[in-house]
């Protein structure tokens with residue numbers, strides 16, 4: 001992510017633990033925000049997709065605030081990153097949709113090579 005005129009890498013430290021020191025010192029959010037990212041990841045991966053879609057629904061932005069994320073990480077990470085995935089720069093989409101997309105990224109969907117054409 002670009003902030004303060006510099007690029008800052010945001011990584012899934014669960015899959016790439018060696019990137020933890022850089023992630024902890026990046027300017028995208030507070031240390032608590034980064035710990036909350038791990039909690040959000042765990043929450044989004046818990047249960048089946050049916051379980052995810054049975055959860056109470058709100059707007060994604062409201063859900064992030066409910067989880068305690070700072071405005072700094074919402075503005076510097078969530079809005080730019082997820083607006084490309086949901087085409088809604090203010091995160092005014094379903095929290096369930098948001099969690100589904102976050103789950104997909106946590107599982108690295110879309111990063112595996114396509115199977116050969118038949």
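The values are calculated or read from the model by the stated rules, or taken from the named source; none is laboratory data. Keep in mind it's a predicted model, so treat the numbers as computed, not measured. Cβ placement follows ideal geometry from the backbone for every residue including glycine, while neighbour counts extend to all protein chains displayed.
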Which of the residues belonging to the stretch 38-50 are within 15 Å of the chain's Cα centre (by Cα) and touching a residue at least 12 places away in the same chain (Cβ under 8 Å)?
38, 39, 40, 41, 43, 44, 45
Given the criteria surrounded by 11 or more Cβ atoms within 10 Å (Cβ to Cβ), in a helix (DSSP H, G or I) and at pLDDT 90 or above, does residue 19 qualify?
no
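Would you say residue 57 is touching a strand residue (DSSP E or B) at 6+ places or on another chain (Cβ under 8 Å) and either without any contact (Cβ under 8 Å) to a residue 12 or more places away in the chain or surrounded by fewer than 19 Cβ atoms within 10 Å (Cβ to Cβ) (or both)?
yes
Can you tell me which of 68, 29, 85 is outside any helix (DSSP H, G or I) and surrounded by 14 or more Cβ atoms within 10 Å (Cβ to Cβ)?
The unique qualifying residue is 29.
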